[in-house]
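The values are calculated or read from the model by the stated rules, or taken from the named source; none is laboratory data. For clarity, every value in this text was computed on a predicted model and none was experimentally measured. Please note: Cβ atoms are built from the backbone with ideal geometry, for glycine as well, and neighbour counts cover all protein chains shown.
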Amino acid sequence: MRQEFTLTIFSENRVGILNQITTVFTRRHINIESLTTSESAIEGIHKFTIVIYSTREEVDLLVKQVEKRIDVLKAYSFSQDEIIYQEIALYKVPTAALFEGNEIEKLVRQYGARILEMTAEYAVIEKTGHKHETQELFEKLDPYGVTQFTRSGRVAINRLKKEPLNSYLRKLDKNDVKPDVEIDTQL
Amino acid sequence: MDKQTDTLMKDSQKKAVTMTGAQAVMESLVNEGVEILFGYPGGAIMPVYDALYSYSEKLNHILVRHEQGAVHAAQGYARATGKVGICLVTSGPAATNAVTGIADAMIDSTPVVVISGQVGSALLGTDAFQETDVVGITQPVTKWNYQITRADEIPWAMARAFYIARSGRPGPVLLDITKDAQFGSLEYIYKPAISVRSYTPYPIIDPGQVEEAARLINFAKKPLALIGQGVVIAGAEAELKKFLEKTGIPAAQTLLGLSALPSDHKLNVGGLGMHGNYGPNLKTNECDLIIGIGMRFDDRVTADTRRYATNAKIIHMDIDPAEINKIIHADAPILGNVKESLPMLTSRVSKNDHKKWVEEFHACYRIEYERLIERELYPDKPVITMAEVVRRVSDAFNDDAIMVTDVGQHQMVAWRYFKFRQSRSVITSGGLGTMGFGLPAAIGAKLGRPDRPVCLFVGDGGLQMTIQELGTIYQSKVPVKIVLLNNNFLGMVRQWQELFFDLRYASTELVNPDFQTISKGYFIPSAKVTKREELDKAIKKMVSTDGPFLLEVVVEKEGNVFPMVPAGASVEDILLE
């Protein structure tokens with residue numbers, strides 16, 4: 001069954017690592033729905049969160065193909081119910097629209113959004129939530145003249161008690177595989 | 001070697017020595033035990049070549065005629081010896097020329113380190129002269145690649161490159177070194193890489209998986225072992241033999257797994273796949289157990305996967321986790337190096353004898369022999385077949401040469417009819433199917449194993465894709481024996497046109513040059529055979545000639561390679577004619 005999967009991938013922070021990871025998907029004609037990347041909780045290790053539509057079987061194979069890249073430490077896949085995730089959206093509306101009645105204010109309250117900045121010309125509204133929620137607010141705000149709308153990729157936290165990468169790194173220690181961090185820091 | 005370089009080398013293993021990046025490349029090669037490299041100089045790699053000038057006693061540089069040839073030669077060297085093959089090329093067009101070889105090494109798991117020059121780091125991304133994004137281009141076809149922009153990265157990156165290329169499932173590594181990094185200076189000290197934290201080359205074998213596999217083996221009535229190149233790479237030929245002889249399980253080989261088991265071993269039942277032997281294909285769906293050993297269930301082996309091994313449980317032994325369940329679901333995977341997992345398995349299986357079952361494969365072989373092989377080897381028509389040439393050449397080398405092939409009909413025929421006594425005797429482009437692979441790969445193989453005869457089978461199409469490497473053979477005096485099976489056609493494509501495209505021979509007929517004249521131009525002795533009665537004498541002349549030799553045999557123009565599993569069919573639909 002095709003469904004949404006969120007992959008979290010931990011890698012070394014090297015030039016070209018994004019290309020290494022995305023070509024695994026490109027080559028198999030799999031579209032990336034969302035991609036977020038930044039340093040992980042562990043210093044020096046990068047984290048990618050990638051959302052795709054696929055089947056469980058295909059995702060299992062993809063995870064192994066991603067992990068096969070030398071600079072990738074570990075990759076995990078989660079179905080939607082195995083993670084808590086969030087996205088953020090920003091909407092720019094003309095300030096004048098806020099003063100023509102209280103509709104925008106109502107929407108901001110109703111959707112748990114907030115106003116980030118207001119100038120004489122425009123106001124920037126921020127909403128966090130899932131895609132369909134940020135989309136719904138966009139559709140509600142649009143009649144009042146949204147001049148810019150942007151949405152982030154997904155960030156996700158799994159429902160497991162501990163970060164699996166930590167136990168993976170500990171397992172490496174136990175197997176007495178010496179990390180090459182020491183050599184890396186000479187660069 | 002000049003005195004300065006000599007002192008430099010001795011010191012560099014003990015304490016840090018100041019030197020240039022280019023010298024550090026040379027030192028690293030020496031520290032890794034490299035003796036030979038294949039390359040072609042050019043602008044962005046000139047500092048490294050300049051350093052090489054002082055290392056000519058330690059490092060034998062073979063000047064090829066095209067960078068694709070450099071990589072294929074390095075592959076041939078690596079496949080014949082099990083060591084890492086090295087290439088040295090410049091930036092831009094040289095690096096792109098190397099890409100085909102790199103892709104070939106990737107799909108056939110061949111350890112190769114390619115060092116490419118790059119424009120100065122200040123010029124990166126400016127479309128400078130001979131600048132190309134070689135790291136970007138080769139990313140999907142390398143096991144690892146890295147751009148070096150500072151001299152002090154060189155020892156670290158070189159150590160890593162060698163470690164990654166040869167460990168686990170081997171593969172090609174590309175290091176792209178900017179010109180300023182080659183000129184720059186560093187404090188050189190070499191530490192060979194012993195691990196990379198994000199990389200597990202040798203997964204720890206799970207004894208539970210071995211137990212489960214042993215249980216399936218002990219219950220099996222009709223098992224078949226499929227031998228892949230993983231056995232050769234792991235050097236697990238003896239372990240394989242012990243396993244097979246204890247269990248009495250018949251074994252068939254993939255294209256690259258051939259020669260892991262001697263041709264005349266009593267449990268060797270032949271080749272797998274599209275042009276493999278009749279028995280192993282026909283019987284696959286009768287098997288109740290398939291044991292894949294260091295192989296990857298390539299589509300040329302399985303044909304239609306939905307109708308493959310329909311009655312069998314699958315044991316899949318491989319070192320690469322990404323291969324498990326990739327094509328065929330494994331009921332009992334054994335992840336790990338077969339050199340370790342095979343003995344673990346052997347100790348857990350009961351002694352057995354599948355005499356009757358093995359006899360069924362022999363019966364299939366007799367059918368194949370009567371209906372096909374006999375007329376291929378001993379034709380009653382005047383035209384020479386590829387098969388008879390291959391078998392007579394094999395005989396002339398006492399079935400103990402390293403067989404290198406190019407790609408196409410001759411490749412399949414050579415694979416079917418050449419015989420082997422020892423491992424690492426088959427060097428051919430399997431996964432990528434690269435025409436032009438053969439000639440340069442044979443050069444590399446011969447330089448790697450000067451003690452063994454190296455015999456190349458090549459078609460008239462493939463030879464002309466890298467024919468310029470005859471120049472390398474001449475210049476470097478490489479005693480390669482070349483058997484050109486000339487049908488004046490792109491034979492394999494023509495065969496498909498005949499069988500599946502209504503005999504519409506679109507651009508497959510070749511109007512060829514006089515290969516004798518070309519050979520003469522390169523001062524390589526040659527002979528041309530058009531009649532059967534001339535064949536043995538010419539082969540004898542080739543074998544007894546000191547140095548390289550080109551033997552051109554004009555073969556059947558429209559011969560077909562059979563048996564054949566047509567594309568999209570099931571293995572059991574194998575055609576004998």
Conditions (1) more than 10 Å from chain B (Cβ to nearest Cβ); (2) assigned to a loop (DSSP other than H, G, I, E, B); (3) over 18 Å from residue A:2 (Cβ atoms); number of the one not met by residue A:35: (2)
Selection from the range B:310-322 of residues that are surrounded by 23 or more Cβ atoms within 10 Å (Cβ to Cβ) and assigned to a loop (DSSP other than H, G, I, E, B): B:319
Residue match in the range B:371-386 (condition: at pLDDT 95 or above, outside any loop (DSSP other than H, G, I, E, B), farther than 21 Å from residue B:225 by Cα and touching a strand residue (DSSP E or B) at 6+ places or on another chain (Cβ under 8 Å)): yes
Extreme residue, nearest to residue B:198 (Cα to Cα), among residues of the range A:53-82 that are β-branched (Val, Ile, Thr) and touching a residue at least 12 places away in the same chain (Cβ under 8 Å): A:72
Residue under evaluation residue B:104, criteria (1) out of contact with any Ser or Thr (no Cβ under 6 Å at 6 or more places or on another chain); (2) acidic (Asp, Glu); (3) closer than 30 Å to residue B:294 by Cα, criterion not met: (1)
Where residue B:326 falls short, out of the listed (1) closer than 24 Å to residue B:359 by Cβ; (2) surrounded by fewer than 21 Cβ atoms within 10 Å (Cβ to Cβ): (1)
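Conditions (1) in contact (Cβ under 8 Å) with a residue 12 or more places away in the chain; (2) not in a helix (DSSP H, G or I), marked per residue:
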{"residue": "B:296", "(1), (2)": "yes, yes"}
{"residue": "B:301", "(1), (2)": "yes, no"}
{"residue": "B:327", "(1), (2)": "yes, yes"}
{"residue": "B:333", "(1), (2)": "yes, yes"}
{"residue": "B:345", "(1), (2)": "yes, no"}
{"residue": "B:353", "(1), (2)": "yes, yes"}
{"residue": "B:357", "(1), (2)": "yes, no"}
{"residue": "B:360", "(1), (2)": "yes, no"}
{"residue": "B:366", "(1), (2)": "no, no"}
1 or more residues of a type in the set (Gly, Ala, Ser): qualifying strands (runs of 3 or more DSSP E) within the range B:156-245: B:185-188, B:223-227
Looking only at the range B:114-153, and only at residues there that are assigned to a strand (DSSP E or B) and in contact with a Lys or Arg (Cβ under 9 Å, 6 or more places away or on another chain), the one that is farthest from the other protein chains (Cβ to nearest Cβ): B:117
Any hit, the range B:379-393, residues being buried (at least 24 other Cβ atoms within 10 Å of the Cβ), touching a residue at least 40 places away in the same chain (Cβ under 8 Å) and under 18 Å from residue B:77 (Cβ atoms): no
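Would you please name the residue that is farthest from the other protein chains (Cβ to nearest Cβ), looking only at residues in the range A:41-59 that are assigned to a strand (DSSP E or B) and among the hydroxyl-bearing types (Ser, Thr, Tyr)?
A:53
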Qualifying positions in the range B:246-282 - in a helix (DSSP H, G or I) and not hydrophobic (A, V, I, L, M, F, W, C): B:246, B:247, B:278, B:279, B:280, B:281
Among residues of the range B:28-57, those that are over 30 Å from residue B:234 (Cβ atoms) and outside any helix (DSSP H, G or I), counted: 7
Complete set of residues in the range B:85-114 that are within 27 Å of residue B:149 (Cα to Cα), surrounded by fewer than 24 Cβ atoms within 10 Å (Cβ to Cβ) and among the hydrophobic types (A, V, I, L, M, F, W, C): B:99, B:103, B:106
Candidate set: the range A:41-52, residues that are surrounded by 20 or more Cβ atoms within 10 Å (Cβ to Cβ) and in contact (Cβ under 8 Å) with a residue 60 or more places away in the chain; chosen: the one nearest to residue B:325 (Cα to Cα): A:51
Test: residue B:255 is touching a helix residue (DSSP H, G or I) at 6+ places or on another chain (Cβ under 8 Å), within 30 Å of residue B:398 (Cα to Cα) and away from chain A (no Cβ under 14 Å): yes
Residue that is farthest from the other protein chains (Cβ to nearest Cβ) [pool: residues in the range B:154-198 that are out of contact with any helix residue (DSSP H, G or I) (no Cβ under 7 Å at 6 or more places or on another chain) and among the aromatic types (Phe, Trp, Tyr)]: B:162
Test set (1) crowded, with 18+ Cβ neighbours inside 10 Å; (2) in contact with a Leu (Cβ under 6 Å, 6 or more places away or on another chain); (3) in a helix (DSSP H, G or I) - residue B:430 fails condition number: (3)
Flag for residue B:539 being assigned by TED's automatic domain parsing to the domain that holds residue B:384, touching a residue at least 60 places away in the same chain (Cβ under 8 Å), of a type in the set (A, V, I, L, M) and under 30 Å from residue B:475 (Cα atoms): yes
Filtered residues of the range A:108-145 (kept if within 16 Å of residue A:97 (Cβ to Cβ) and of a type in the set (Gly, Ala, Ser)): A:113, A:120, A:123, A:145
